[in-house]
Amino acid sequence: MMMDNHFFHLVKYSPWPLLIALNLINSITGITKFILNSSNFMCFFFLFISVLIMIQWWRDIMRESLYEGFRSLKINYMIGSGMIFFIISEICLFSSFFWMYFYYSLSPDMETGSIWPPFKVTQMSFMDIPLLNTMVLLMSGFFITWAHYDLTMNSFKNSSISLMISILLGTYFLMIQGYEYMNSSISFNDSVFGNSFFILTGFHGLHVMIGLIFLIVMMIQLIEKKFSLVNLNGFEYSIWYWHFVDIIWLCLYLTVYWWGM
């Protein structure tokens, strides 16, 4: 084998990075059309294609780990470092969105009536749906941590139950978020307030969807008992990402819903 004389895994040629990059460009086009004229076909179509590509890509990665033996301790350490840097890049992305929100909220211009929220924008109570969503997402984070604990105790059944509850709570969070959008008194076109509100909450919702796909893949792995006490890397990476989503939502709740309203 070519990798016998070094610690690294020289990956095979794969179409998935190029396909996911092209599809993300198309997804942005679909999201733009959805914002401008409420045409949601392209948005959901390319989102579905992205899910299919992610499934195929993860399938290849898991095959390399489980059946082809390309995961040494050195490679697992490097993959973990890559996941950490990926989460840091996501933090930078959301930091730019929060910077935008604070910039416009702390110095509102004349077009918003020099107040924040803008004039005639109905304020949303932070004790209503946002608080429920916060409790739901935090409970989901609790159960996924409990699932990891059960797995370290070699209790696959209890871990599967806890992980399923976490997935259901994450799905319930998205349903509540959709209900909030449909019954909201503001829209994306309601000045910079509507822009910043839907960009922040919308991008967070998109990351929750990605996290749910991640957890569902781990659920399938757990049911098929492809984890062991010495091979929990993928499961731990999904936990890192889900707690990142939790923390971003807490920042959203405190700034957008509580302080901003």
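The values are calculated or read from the model by the stated rules, or taken from the named source; none is laboratory data. As the structure is a computational prediction, the values presented were derived from the model and not from experiment. Glycine also receives a Cβ, built like all others from the backbone with ideal geometry; neighbour counts cover every protein chain displayed.
Please indicate, with yes or no, whether at least one residue in the stretch 168-176 is closer than 28 Å to ILE55 by Cβ and small (Gly, Ala, Ser). Spell out the reasoning first.
In the first step, residues of the stretch 168-176 are kept if they are closer than 28 Å to ILE55 by Cβ; the result is 168-176.
Now narrow it down to the ones that are small (Gly, Ala, Ser): 170.
Scanning the stretch 168-176, I find at least one residue that is closer than 28 Å to ILE55 by Cβ and small (Gly, Ala, Ser), so the answer is yes.
Please work out if LEU137 is hydrophobic (A, V, I, L, M, F, W, C), outside any loop (DSSP other than H, G, I, E, B), under 19 Å from ASN183 (Cβ atoms) and modelled with pLDDT of 85 or more. Before you say what the answer is, go through the steps one by one.
Values: hydrophobic (A, V, I, L, M, F, W, C): yes; outside any loop (DSSP other than H, G, I, E, B): yes; under 19 Å from ASN183 (Cβ atoms): no; modelled with pLDDT of 85 or more: yes.
Spelling it out, it is not the case that LEU137 is hydrophobic (A, V, I, L, M, F, W, C), outside any loop (DSSP other than H, G, I, E, B), under 19 Å from ASN183 (Cβ atoms) and modelled with pLDDT of 85 or more.
Of all residues in the stretch 49-98 being aromatic (Phe, Trp, Tyr) and closer than 17 Å to TYR237 by Cα, which is surrounded by the fewest Cβ atoms within 10 Å (Cβ to Cβ)? Break it down into steps so the answer makes sense when it comes.
Let us first name the residues in the stretch 49-98 that are aromatic (Phe, Trp, Tyr), namely 57-58, 67, 70, 77, 85-86, 94, 97-98.
Retained after the next criterion (residues that are closer than 17 Å to TYR237 by Cα): 57-58, 77, 85-86.
Working: TRP57: 16, TRP58: 18, TYR77: 12, PHE85: 10, PHE86: 14.
In this case the residue turns out to be PHE85.
Residues are listed down the side, and each one gets a yes or a no for (1) out of contact with any Asp or Glu (no Cβ under 7 Å at 6 or more places or on another chain); (2) not aliphatic (A, V, I, L, M):
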residue: LEU137; (1), (2): no, no
residue: ASP150; (1), (2): yes, yes
residue: PHE198; (1), (2): yes, yes
residue: PHE203; (1), (2): yes, yes
residue: ILE210; (1), (2): yes, no
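Kindly establish whether LYS157 is over 21 Å from the mean Cα position of the chain (by Cα) and in a helix (DSSP H, G or I). It would help to see each step written out before you state the result.
Working: over 21 Å from the mean Cα position of the chain (by Cα): yes; in a helix (DSSP H, G or I): yes.
Considered against the rule, which asks whether it is over 21 Å from the mean Cα position of the chain (by Cα) and in a helix (DSSP H, G or I), LYS157 comes out as yes.
Looking at the stretch 73-99, which of its residues are hydroxyl-bearing (Ser, Thr, Tyr) and in contact with an Asp or Glu (Cβ under 9 Å, 6 or more places away or on another chain)? Show your work before the answer.
Filtering the stretch 73-99 for residues hydroxyl-bearing (Ser, Thr, Tyr) gives 77, 81, 89, 95-96.
Answer for the stretch 73-99, where residues must be hydroxyl-bearing (Ser, Thr, Tyr) and in contact with an Asp or Glu (Cβ under 9 Å, 6 or more places away or on another chain): there is none.
Out of the residues in the stretch 220-258 meeting the condition of being in a helix (DSSP H, G or I), within 20 Å of SER65 (Cβ to Cβ) and of a type in the set (Ser, Thr, Tyr), tell me which one is modelled with the highest pLDDT. If you could, list the steps in order and put the result at the bottom.
The first filter runs over the stretch 220-258 and keeps only residues in a helix (DSSP H, G or I), leaving 220-223, 233-258.
Those left that are additionally within 20 Å of SER65 (Cβ to Cβ): 220-223, 233-241.
In the following step, the residues that additionally are of a type in the set (Ser, Thr, Tyr) were identified as 237-238, 241.
Values: TYR237: 89, SER238: 91, TYR241: 95.
Within the stretch 220-258, the match that is modelled with the highest pLDDT is TYR241.
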